[in-house]
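The numbers here are math on the coordinates, done by the rules we state, and not lab data. Keep in mind it's a predicted model, so treat the numbers as computed, not measured. For neighbour counting, all protein chains shown are included, and Cβ atoms are generated from backbone atoms with ideal geometry for every residue, glycine included.
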Amino acid sequence: MTSQVLAITKPVPAGAVVQWGFVTITVANLIVILAMILVFVLAIVLPFPGSRRDDR
């Protein structure tokens, strides 16, 4: 019984880690953060469809 409890509470390895100064982040989290930044920049840069008017 004790070994089953220890197996359940054993920490899961985080995977590859990037360390930069005092900042430590997993590669998976870094990819998610970069993707969110990319989507945010694209949302600002790309024009809304139909926002241009042809004033002739």
Item to check | Inter-label distance for L30 and A43, nm, one decimal - labels placed 7 Å from Cα along Cα-to-Cβ | outcome: 2.5
Checklist entry - Mind ordering 32-38, 16-22 by average Cβ neighbours within 10 Å, highest first? => result 32-38, 16-22
